[in-house]
Structures are given as C-alpha cells and as structure tokens.
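A.B. asks: The structure that follows is given in the form of structure tokens.
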Amino acid sequence: MTKETLLTSTDDVHVVRFFEKFSDATRLYICSYDDSSRIINDFTGSDKEREIIKKYATDEMMEEMYSRLTLDSIEDQIIEDTSCPYIKLGAIVLKFEGHCREVWFFVGFVTDDPAESLPEELSVLTKRLTYREFVSGIDALRDIGDYRISAELSLAQYAEKSRKSLFSVNEMAASLKRVESLTEILKYLDSDNAVESIMSEFLRITSQYLGVSQADIFKIKERKSRDVMDVVATYLSDGMVSMYEKTTEIPRFEFLEGKKSIILSSGATALKEIDAEVKGGKVKALIAMPVTIGQTTNMYAVFLENSKERDWQIHELQFLSDAVRVLQNILEKRVQKNSLISSYASLEQMLEHVGCAIIVNDVARHETLFVNKIMQSLFPKGTMSEELEGIIWGNNQEVSGIKEYYDYAQDAWYEIHHSDIHWVDGRPVSLYAIYDVTEKKVYQRKIEQQAYTDFLTGLLNRLCCERDLARIIDEAKKYNAMGALLYMDLDDFKHINDGLGHQYGDVLLKDISSQLKSIRGIEENCYRMGGDEFVMIIPPRSFDNFNDIIENIKGVFAKPFYLKDGEYYCTMSMGIVTFPDEGDNVEDLVKKADIAMYSAKKTGKNRVAKYNGSSSSDSGKRLDMEKNMRDAVGGNNFGEFEVYYQPIVDIRKDGGVCTGAEALIRWNSQELGFISPADFIPLAEYLGLINPIGDHVLKEACKECRYWNDNGHPEYKVNVNLSVVQLMQDDIVEHIKNTIDDIGLNPRNLTLEVTESLAINDMERMKSIMSQIRDIGVRIALDDFGTGYSSLNHIREIPFDVIKVDQSFVKELATDEYPKSFIRMIGELAYALGVDICVEGIERREQYEILEGMKVRMIQGYYFDKPMTKEDFEAKYIRNEE
C-alpha cells in the first residue's frame, strides 16, 4: 500500500472534517485507502498519537488485512489484536456492486476497567473506550460508509468523474450534517441527565435533521382489556401544536406492535387507517420505529409530518435507524448503571440476611468491600485470629472451596466457603461465607459414634475397623514396628441360632464380645464384622504380648457358655496376618486374614491358622472350587458327585463278616479333577450347599441299600453322615421318612451318623429330633466319639444305637496304653447302655487283633477295604457272595 495522499481539492477538506468529526464521536482513530491501495487520509489524531498507533498497527498488519478484505468476497470486516493488549486494529471494505471502492482502518485504545493501571507510553492516547464501544463504532461507520458509496456511485453524473473524486460539496455537506447529528446524540452515552431529558434531546436532534412537524416516544403499558401508552418525550416544530389531547393512558395505536418499523410516505393507503387512529385528516407521512432495550420492546419513536406531503429518502431512514440504535445503547447503559446501584443495595440486603457471616475482600488492593452484621458480631474488629486472617486474605495457599476452622478462643467450629467472584462494579473479589457449625460438629460426633458401633454387641463395626486398621498400619510403618490382624468366625453358630432361637444366639454374641473386650492389648480394637465374624487388631504397642493375646482368645472358648438354663460349647476358627510385613493395604490384609481363617476351618475347625505365602494360592484354588461347586450343584443333577462305600465288618463273626457300609461323598470335578472331601466339605458347609449335597447322598445310599437287601443281603445296613445344617432343618424327620418310604427301604437298615459335639450342644432339641428319627425305625450313631466335650451324664441322655470311636484313638493302639484303656472303657459303657460300638481307622493287623479281646463288635478301616464305588462294592460284597 502506498502512502501517497489523494487530498488535493476543496472536497478534501470535507473528507478530513468527516473523519475527524466521526473520530471524536466514536473515539476511534481512522484512516482510509482507495481500491488501488493508496491512502486517502492518514490516521486522525495528533502526531504523537499517530506515532504510538503506527508502532502497534504496523504496515504489515494493515497490508495483510487489506489483501484479505479486497480479495475475499465473503469477509467485509476484520478485528485483530496487536502486540499491545490495549490496542485493537479493525478494518472494513466498502463495496459497490461487489467491487471494492475503499478500505477504512480503525484503531481503538480499549480497556474495560477505567481504574486499570496502563503503560506510560499509552498516556498520549486521549480516546479511551470499551471493547463494546469499539465494535459499535465500527458498525456505525460501516453503515454510513456503505450509504455514501452507494449514493455517490448510483448517480449518473458521477459516472464521468475521476475515480479519485470522493464527494460533491453538497453531498459532503449532507453527510457532514448526518455525522454531526449522530455525534451530538452520541455525547449522551456518558451523560448523567435524566432519561426523559435525553429522549427529548434525541427527538429534537433527529426531528430537526428530518425536518418533521412532530415526534414522540411512547411507552406501552399492558392492561387486561386494552393496552395503553404514555408520551415520555415530545418534539414540536415552531408553531405546531401536539396532536394528542393527553399524554398518559392513551389507547395503544394498533400499528405500534412487535419489532418492525412502519414507514409510510404521502399517499400510502395505510395512512388513512393510521390517520383515523391518530387524529383525523392531519397525518401526511409517518415513521414508527421500535426502541428495544435488552430483549424487551415497549417503547416506540414516532415521527409525523402533518404540514406537507413527504416522501421518505433512503439516507433519512438509514440515519434514523442509526440514531435509534444509539438511543438504545444510551438507554441500555443507563439501565445497567441504575441496575449497578440497585444491585449493590439489593446485594447488601441479601448478604445481611443469608444467615451466616459474610466478608468480601479485594485481595489485590487489600481492601475490605463488605462485612455483614453477623460477621461483625462473631469477630469484632481486632479479635480475629491470625489463622482466620490468613484464610480470608488468601495467605493460606491451601484454601479453596470449603475449609473447616476451629476457633480456640470461642471453642467453636466454623465452616468457611470461599468463592472468587466479580463484584457489582466488575472487579474480581474473594467472598467468604462463614457458618457456625459447632452444633453440627457435636451432633456429627454422636452420629459417627453410632455409625462406628455395632448396635447388638457394643463392639466397633466394620467401617470403624477399616478406618482404625489404616491408621494403625501407618503407625506401624512410621515406627518400623509390627502389628497383627485376627479374623475370627464362630464354628457352627447357625445351629445355636436355629436350635435355641435368635435371642439366645444374640446372648452368645454379647457374651463373647464382652470377654474379647476384656483381653488386655486388644480392648480398644475389637470389631464385629457382621453375623458371627469378629476382627481384633493387635497394635504395635501390644505386639510383644502377641502369644498371650492369642491364648486368652482361645481361653474364651475353652469353657461352656450358659444359655437357656444349660451349658453350651461354642468353638471358633481364626486366621492371623501380621503387618506391614505381609502387606500394608487394608483390603488386602482383611482378605489374607479371611483366607487364613478359612484354612483353619478347612483343617477341622476350632483352630488358629497364620497366613503364609501358600495361603494366597489356596485362596485362588478356593475361588475356583467355589465356582465349580456351584456349577456342579446347579440344577440338582449332581453328576460330578459320587457316593463311595466303605465296608463295616462284624468281627464277632468268624473271619469278620461285612454287615453293610458307610456312604461317603466324593467329588470328581470335570474342571478340577478329583477333590478331597477334607477340601470341599468345609466349603460346601460355608457356602450353604451341604443341604442339597447331603440330601443327594441320603437318597443314593438308601437306593443302594435297597439293592443290597433285594439281592441276597437283607441284613446289610448303610450309614449316612448327617450335617449340622441338615439336622437343624425343621422338616428333617419328615424328609428322612419320605425318602425311606419313596425308596421302600427298611428303616432299620439306615443308620444316621451325628457328631458327638452336635448331639450335646443343644441337648433338648437334639433329644427331641433324634427320638423322632428313632421312632420311624432309623438307627442313630454317635460319630467322632472322644473328640468333643461329652460327659457321661450327657451320653446317658442321648437316644442312640451305636458309638463310633474316632480314628485318632487307634493310631497308637499297638504302642500306647491310653487308647487301649479308652476303647476298653467305651466298650464297657456301650455294653452297659445296650448299644453297639464301632471303631474307625483300623489299618494294620495288630490293631485288629487288639480289638478282638475287647467288647468291640464292628470295625471299619483300610485293613478291610478302602471306600469304593458302588459297582466295586457290589462286585465284591454282593455278587461275589451269592
């Protein structure tokens, strides 16, 4: 672009005045170029101002913007940032019939905060404006520029003019008049005059420019029947009298509706209807334009000509449209200003009644802008602590959102809510809302205590356990110390609950809890996890007494509990994991202790097991086994479960004769292969699957015994183990009877084996159930005799037919006198009671020979045969003997 100027004629003086006037009106610095990129006029303003302008509005930027506007058929306006954040550069292209005629550039000194500190070099720029005013000024100048170009080039006499000519003197004078009128209106943007006065001045300026007889601004007021309007401003030319008899409550003109302008020149048909509505026979021409503030249109500017015929011109309409737009901006700004004042008053009232202490600080200026009465009451001047001072002035970098604060002087808790907002004048501030939450904290502590306590036992609960365990683990790690987690589960607690009733089960849980809490070293760290599961934590300070604590826990279960007018034994299985050597994660440690506890149950219950590396792999196996067991039992097909039979031999008969067999369950999983009963039976009991499995064994064993009886051995009997869970079913007697009846088995050929501890632990109920079973003809065997807590008095009360001595007494039978004496005594007891005795676990001949001299009738063990499939049993003991 060339700097060669085109200002050479008297018309050029008008161009300079045109741009200078508009520069003053819009506070923009303006320059222009023609369609050959030659400068028409340089930036307005002083030499010093131009020097700063050209430093940031560089030639390169202007050339790039000129190219975009002249070569791009879509873009007609560009606004760009410069290297100075306060200097904005804008440009517009003025086209006629799609061809570029001129490009105008604008520089704005933009800042939205009047109080903002600015660079020293910008102090020479006198025209400061907001970004919104910058954009509005460009929009207004573009409209005027488009009109001027269109007006000039649409007249034929300008066709022969040189392309360098701009305006004729008359046209330039008319344009200057329009600019001066708009400038005069624009000066009211920052006026503090009353709104009515500004609207009156608006009507005067616009009406004198248009040369009309009368102009009014109406404000519409909605009514239920018919809307009315008030005249809020009026202009009358010399000698004219208002056409309206009153200025308030005038019936609303029907043509004043919506946001469309009404433009009617003389002779327009619609004028007759409007003339009758306004005042008959007077209106020669009319313009009505809506005045919209925000999204609301409830005012209209109406311009009337009633003295002569009038055809409105395009430039008049464009001028009036621009003028109304300026008026709207003035009114919006006034609304915003009034709103700011009223907003502060409203905000002050609101913050006084929010029910909490409020303080608003301008942290950057260290200035307090607002303090409500509650704040003054809670923290009188000079009484605020250093900590609170640091919070509300942002010195504490951690403060954001919500913070709790305890005031030691007041012994009170406060909750401080911090928000960064813009104050009513637009500046950024920090608002702090301070709530007195002392009562809430006290109530919270009570709720937390309840939330962390087991209602039944008074022990702490699972939630508290996890919280405390995390804290104690951190303590152990910090001091390089050791701690332990003990996970305990009561053995066969369900049969206490079902047998005596839940109320006695609750009594037992309370009794156990009370005794656990009395053990020194864990008195503050006993937890009920739910049901019959307990956790104890041995903290580092008590770890030296680890062995004593374990023994004391065992001691709780070594003696009977007094329930329902009788003594009952309850055992437990417990898993132990130490920390942090075995882990420092709460969830992992609880899981490992649970794994160890299950391991204790699996090995026979009433045991304590410590977690080790192999326990983890056992846990994985257990999960696989659990999944496959559920699949195997699902649908009640039991295809993977087989019933094996181990012969029971009557040694009083020559050579020892088979009299039947004990039915034993075996699981041959398709996925896991053959699984030992010692592994899967405890799991089945734990999962609650022992009932369907036990029912399956009972049914299959009865069928097989019926087969033996029907095929030459009517004396053969079958023994079936009855689990705790099965025996506790309310319909167990009926279920046994139905099974026997359905299969057609002689009841005397079925023996149900019940463990000794089960039989004596709920004496009254067991006596009742076992008596009913015997009443239907089924025999009862007392299994695992010698391993429980029997007393001779209890044995005498139990209705049974056979005593089965546990195999643990025969391992050392050939070398130890105690098992010999014990079996001999039991033999004498059985003889006295009139019942049979069966000894399990006989594996060697010397064991067998020792028993021959005692009052033992039946034996069972590997010496005769291992458990075998029904096919093998039938082949050896049924068909082979036929």
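A.B. asks: Residues Ile732, Ile780, Ile773, Ile760: which one is modelled with pLDDT under 95, in contact with a His (Cβ under 6 Å, 6 or more places away or on another chain) and of a type outside the set (Gly, Ala, Ser)?
C.D. replies: Ile760
A.B. asks: Mind listing whichever residues of the range 484-518 are among the aromatic types (Phe, Trp, Tyr) and assigned to a helix (DSSP H, G or I)?
C.D. replies: Once the filter is applied, which keeps residues that are among the aromatic types (Phe, Trp, Tyr) and assigned to a helix (DSSP H, G or I), the range 484-518 yields Phe493, Tyr504.
A.B. asks: Here is a list of conditions, (1) among the acidic types (Asp, Glu); (2) closer than 30 Å to Trp667 by Cβ; (3) touching a residue at least 24 places away in the same chain (Cβ under 8 Å), and Glu871 meets all of them except one; can you say which number that is?
C.D. replies: Of (1) among the acidic types (Asp, Glu); (2) closer than 30 Å to Trp667 by Cβ; (3) touching a residue at least 24 places away in the same chain (Cβ under 8 Å), only one is false for Glu871: (3).
A.B. asks: Would you mind telling me which numbered condition in (1) surrounded by 13 or more Cβ atoms within 10 Å (Cβ to Cβ); (2) polar (S, T, N, Q); (3) outside any loop (DSSP other than H, G, I, E, B) Gln410 fails?
C.D. replies: Condition not satisfied by Gln410: (3).
Okay, residues lined up against (1) modelled with pLDDT under 90; (2) small (Gly, Ala, Ser); (3) within 30 Å of Glu764 (Cα to Cα):
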residue: Val556; (1), (2), (3): no, no, yes
residue: Phe561; (1), (2), (3): yes, no, yes
residue: Tyr568; (1), (2), (3): yes, no, yes
residue: Met572; (1), (2), (3): no, no, yes
residue: Val577; (1), (2), (3): no, no, no
residue: Val586; (1), (2), (3): no, no, no
residue: Val590; (1), (2), (3): no, no, no
residue: Ala593; (1), (2), (3): no, yes, no
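A.B. asks: Still on this structure, please answer the following. Considering (1) open to solvent by less than 30 Å² (accessible area, probe 1.4 Å); (2) outside any strand (DSSP E or B); (3) of a type outside the set (Phe, Trp, Tyr), say which one Glu685 fails and leave the rest.
C.D. replies: Among (1) open to solvent by less than 30 Å² (accessible area, probe 1.4 Å); (2) outside any strand (DSSP E or B); (3) of a type outside the set (Phe, Trp, Tyr), the lone unmet condition for Glu685 is (1).
A.B. asks: What's the number of the only condition in (1) over 21 Å from Asp468 (Cα atoms); (2) of a type outside the set (Ser, Thr, Tyr); (3) in contact (Cβ under 8 Å) with a residue 60 or more places away in the chain that Ile553 fails to meet?
C.D. replies: Result: Ile553 passes all but (1).
A.B. asks: I need the full set of residues from the range 367-382 which are at pLDDT 85 or above and surrounded by fewer than 16 Cβ atoms within 10 Å (Cβ to Cβ), in order please.
C.D. replies: Selection gives Glu367, Thr368, Lys373, Gln376, Ser377, Pro380.
A.B. asks: Can you list residue pairs whose Cβ atoms sit under 6 Å apart, with the first residue in the range 531-550 being within 16 Å of Ser513 (Cα to Cα) and the second being buried (at least 21 other Cβ atoms within 10 Å of the Cβ) and among the basic types (Lys, Arg)? Count only pairs 6 or more apart in sequence or on different chains.
C.D. replies: Phe534/Arg528
A.B. asks: Scan the range 32-73 for residues that are more than 16 Å from Phe134 (Cβ to Cβ) and of a type in the set (A, V, I, L, M, F, W, C) and jot them down.
C.D. replies: Scanning the range 32-73 gives Ile39, Ile40, Ile52, Met61, Met62, Leu69, Leu71.
A.B. asks: When only residues in the range 26-71 that are hydrophobic (A, V, I, L, M, F, W, C) and in a helix (DSSP H, G or I) count, which is nearest to Ala140 (Cα to Cα)?
C.D. replies: Here the residue is Leu69.
A.B. asks: Step by step: first the residues of the range 737-753, then only those that are touching a residue at least 40 places away in the same chain (Cβ under 8 Å) and of a type in the set (A, V, I, L, M), then the one that is surrounded by the fewest Cβ atoms within 10 Å (Cβ to Cβ). Which residue is that?
C.D. replies: So the residue we want is Ile743.
A.B. asks: How about the range 206-283: which strands (runs of 3 or more DSSP E) wholly inside it have at least 1 residues that are open to solvent by 40 Å² or more (accessible area, probe 1.4 Å), touching a residue at least 12 places away in the same chain (Cβ under 8 Å) and over 25 Å from Gln295 (Cβ atoms)?
C.D. replies: Ranges flagged: 228-236.
A.B. asks: Quick check on my filter: what residues within the range 288-303 are in contact with an Asp or Glu (Cβ under 8 Å, 6 or more places away or on another chain) and either open to solvent by 30 Å² or more (accessible area, probe 1.4 Å) or not β-branched (Val, Ile, Thr) (or both)?
C.D. replies: Answer for the range 288-303, where residues must be in contact with an Asp or Glu (Cβ under 8 Å, 6 or more places away or on another chain) and either open to solvent by 30 Å² or more (accessible area, probe 1.4 Å) or not β-branched (Val, Ile, Thr) (or both): Ile293, Gly294, Ala301.
A.B. asks: In the range 850-865, how many residues are of a type outside the set (Val, Ile, Thr), part of a helix (DSSP H, G or I) and surrounded by 17 or more Cβ atoms within 10 Å (Cβ to Cβ)?
C.D. replies: 1
A.B. asks: Could you list, in sequence order, the residues of the range 499-518 that are open to solvent by less than 20 Å² (accessible area, probe 1.4 Å) and in contact with a strand residue (DSSP E or B) (Cβ under 8 Å, 6 or more places away or on another chain)?
C.D. replies: Leu500, Leu508, Leu509, Ile512, Ser513, Leu516
A.B. asks: On to the next question. Determine which single condition Lys559 fails, assuming it passes every other condition in (1) on the phi > 0 side of the Ramachandran plot; (2) open to solvent by 40 Å² or more (accessible area, probe 1.4 Å); (3) not polar (S, T, N, Q).
C.D. replies: (1)
A.B. asks: To continue, here is another question. Among the candidates Glu764, Glu700, Glu704, which residue alone is among the acidic types (Asp, Glu), in contact with a Lys or Arg (Cβ under 9 Å, 6 or more places away or on another chain) and open to solvent by less than 30 Å² (accessible area, probe 1.4 Å)?
C.D. replies: From the options Glu764, Glu700, Glu704, the qualifying one is Glu704.
A.B. asks: Take the residues in the range 626-675 that are part of a loop (DSSP other than H, G, I, E, B) and basic (Lys, Arg), then tell me which one is nearest to Asp836 (Cα to Cα).
C.D. replies: Arg652
A.B. asks: What single numbered condition from (1) part of a helix (DSSP H, G or I); (2) open to solvent by less than 30 Å² (accessible area, probe 1.4 Å) fails to hold for Gly521?
C.D. replies: Going through (1) part of a helix (DSSP H, G or I); (2) open to solvent by less than 30 Å² (accessible area, probe 1.4 Å) one by one, Gly521 breaks only (1).
A.B. asks: Does Leu456 fit the bill of being closer than 24 Å to Asp506 by Cα and among the aliphatic types (A, V, I, L, M)?
C.D. replies: Yes, satisfied.
A.B. asks: Follow-up. Restricting the range 89-121 to residues that are surrounded by fewer than 16 Cβ atoms within 10 Å (Cβ to Cβ) and closer than 16 Å to Tyr56 by Cβ, which is nearest to the chain's Cα centre (by Cα)?
C.D. replies: Here the answer is Leu118.
A.B. asks: Go through Tyr86, Tyr66 for me and flag whichever is in contact (Cβ under 8 Å) with a residue 60 or more places away in the chain and surrounded by 12 or more Cβ atoms within 10 Å (Cβ to Cβ).
C.D. replies: When all the criteria are applied, what remains is Tyr66.
A.B. asks: If you don't mind, another one. Quick one: would you say Glu448 is more than 30 Å from Ile391 (Cβ to Cβ) and not basic (Lys, Arg)?
C.D. replies: Criteria not met by Glu448.
A.B. asks: I would also like to ask the following. So which residues in the range 656-698 are at pLDDT 90 or above and on the phi > 0 side of the Ramachandran plot, if there are any at all?
C.D. replies: Result: Gly660, single match.
A.B. asks: Which residues, counting only those in the range 477-524, are of a type outside the set (Gly, Ala, Ser), in contact with a helix residue (DSSP H, G or I) (Cβ under 9 Å, 6 or more places away or on another chain), more than 15 Å from Met572 (Cα to Cα) and in contact (Cβ under 8 Å) with a residue 60 or more places away in the chain?
C.D. replies: Tyr479, Met482, Leu485, Asp498, Leu500, Tyr504
A.B. asks: Here's a check for you: in the range 339-366, which residue that is open to solvent by 40 Å² or more (accessible area, probe 1.4 Å) and among the acidic types (Asp, Glu) is modelled with the highest pLDDT?
C.D. replies: Looking at residues that are open to solvent by 40 Å² or more (accessible area, probe 1.4 Å) and among the acidic types (Asp, Glu), I get Glu352.
A.B. asks: If I filter the range 639-658 down to residues being touching a residue at least 12 places away in the same chain (Cβ under 8 Å) and open to solvent by 30 Å² or more (accessible area, probe 1.4 Å), which single residue comes out as farthest from the chain's Cα centre (by Cα)?
C.D. replies: Arg652
The values are calculated or read from the model by the stated rules, or taken from the named source; none is laboratory data. Here the structure is a predicted model, which is why all the values come from computation and not from measurement. Positions of Cβ are backbone-derived with ideal geometry, glycine not excepted, and every protein chain shown enters the neighbour counts. These area figures cover heavy atoms from the full protein model, side chains too; ligands, DNA and RNA do not enter into them. Shrake-Rupley method; radii C 1.70, N 1.55, O 1.52, S 1.80 Å.
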